[in-house]
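Enquirer: Structure in C-alpha cells, see below.
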Amino acid sequence: MIKAQGYAAQNAQSGLAPFTFDRRDPGDHDVVIKILYCGVCHSDIHQVRGEWGNSTFPMVPGHEIVGRVTGTGKGVTKFRQGDLVGVGCFVDSCRECGSCKEGVEQFCEGGMVLTYNGVERDGKTPTFGGYASTIVTDENYVLRVPEGLDPAAAAPLLCAGITTYSPLRHWKVSAGQRVGVVGLGGLGHMGVKFAASFGAEVTVISTSARKEADARRLGANHFLVSSDPSALAKQAGSFDFILDTVSATHDVNALLGLLRRDGTIVLVGAPEKPLPIGAFGLVMGRKTLAGSLIGGIKETQEMLDYCGEKGITSDVEVIPMQQVNEAYDRTVKGDVRYRFVIDMKSLSV
Ligand code: NAP
Ligand code: ZN
Ligand code: ZN
C-alpha cells in the first residue's frame, strides 16, 4: 500500500480536516500520480455537506486533479514517469456497455466509478479523491495535460472545463449564435471562454452586477442582471442556446423566455432542490430543456488538447489546503474569481 495524506470530511457537518489513508499498490495498468493541484468544484461542497443525499464518509473530495506520473504498472503503455497528467470525475467504468463503447463513460450503464464518494468495481472499496498527496488510477482513465499550460490553472479543466465544453460541442454552438451563460462561477467562466472561442455572441446572465467587467474580460459581449425583469424582457426570444450553471434554486422559467423558437437550455448546475418548470414556457416556441453531465475520456482529452492549442485555462485563486473550509464558504457566497485550486505542497508544511 502507498500512504497518502489528504483532507477528509467525517460527516456532513464536520468540514474538512487532515486524514491519512492508503492507496493501492499499482496494478499492471495503473499509474501512480503525485498530485500537484486540485480544483474546488461546487459539487465537492454539495457532497461534503450531504446536499445530494448520497454522501458516504469519510470523504476525501476532489476531481479536478493535475499531477506528475511517479510510477507505472508493468502493462502501462500510455504514460511514463514525469508526464503531466490529469484525473477528472471518474476513475473507471464497466468498459463493455454501449455508453462505454461509444466513449461516453459518464453514462456507463453499470455506473461509472466516481473519483470519490464512490466504490471501486469490486463493489466495496471506497474511492478517495484529489485533496491528497497521491492517487493511483488505471491508465485508461488518466488524461494527458498539455505541458504548455499552467498546471494550477489547468486543474479545473478536468471538471469545470469538460462540463461546459461538452454541451457546447454536443449542441453545436458555433459562430454567429447568441449564447447565454447563467452564473459566473467556476463552470460559468469556462463556458464563457469556450463559447467565445467557438465564435458565439455571448451574454452572461448573473445575479451579481459587480461581475460585469470580469464577464467582458473573459469574452462576453453582453451582460444581464437576472434580477432585473425589464432588462430580461428586452432580450426575450433572442437566444439560440443557454448554458445554466447555477448551483442553487433559481427561476428557469424566466430563462426559457429568453430563448428563441426551437432554442435549447441545458442545465449543468445541480441544485439540491427540484426546479419548478411551467409547461407554457416550453410548449410556446417548441423549446428544449436538457441536461448534460461532465464528458467522456475521449472528449476530455480533445478539450485539453484544444485548451493547449488555444492557451485556455481557468482563472484561479491558489490556496493552501489549510484554507479549504473558508474557500467552501466563499464559493457558496459567489466570492471566488473564478475557481479555488489547492496547492498540494501545503500538505507537507
Ligand atoms: P460556483 O463556482 O459556485 O458557481 C455557481 C454560480 O451560480 C455562482 O457563481 C453564481 O453566479 C450562481 N448562483 C449561485 N447561487 C445562485 C442563486 N441562488 N441564484 C442564481 N444564481 C446563483 O459553482 P460551480 O463549481 O461552477 O458549479 C455549479 C453547479 O454545477 C453546481 O451545482 C455543481 O454541483 C454543478 N456541476 C455539475 C456538473 C455536471 O456534470 N453537470 C459538473 C460540475 C459541477 P453569479 O454570481 O454570476 O450569479
Ligand atoms: Zn466538478
Ligand atoms: Zn459501461
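Enquirer: Of the residues in the stretch 290-342, how many are closer than 18 Å to PRO61 by Cα, of a type outside the set (Gly, Ala, Ser) and in a helix (DSSP H, G or I)?
Expert: Adding up the residues that qualify gives 11.
Enquirer: Can you name every residue in the stretch 102-118 that is more than 15 Å from LEU293 (Cα to Cα) and within 16 Å of ligand 2 (Cβ to nearest atom)?
Expert: TYR116, ASN117, GLY118
Enquirer: Is there a residue being within 16 Å of ligand 2 (Cβ to nearest atom), at negative phi and out of contact with any Pro (no Cβ under 7 Å at 6 or more places or on another chain) anywhere in the stretch 64-77?
Expert: yes
Enquirer: Under 9 Å between Cβ atoms, which residue pairs at least 6 apart in sequence (or on different chains) link something in the stretch 46-61 that is free of Cβ contacts under 8 Å to residues at least 12 places away in the same chain with a partner that is surrounded by fewer than 17 Cβ atoms within 10 Å (Cβ to Cβ)?
Expert: So the pair list comes out as GLY53/GLU272.
Enquirer: Let me ask something else about it. Any idea which of (1) in contact with a Lys or Arg (Cβ under 7 Å, 6 or more places away or on another chain); (2) over 18 Å from CYS159 (Cβ atoms) is the one GLY75 doesn't satisfy?
Expert: (1)
Read-outs: derived from the displayed coordinates by stated rules, not from any lab. This one's a predicted model, so the numbers in the text were calculated from it and none came from an experiment. In this analysis, Cβ positions are derived from the backbone assuming ideal geometry, glycine residues included, and neighbour counts consider all displayed protein chains.
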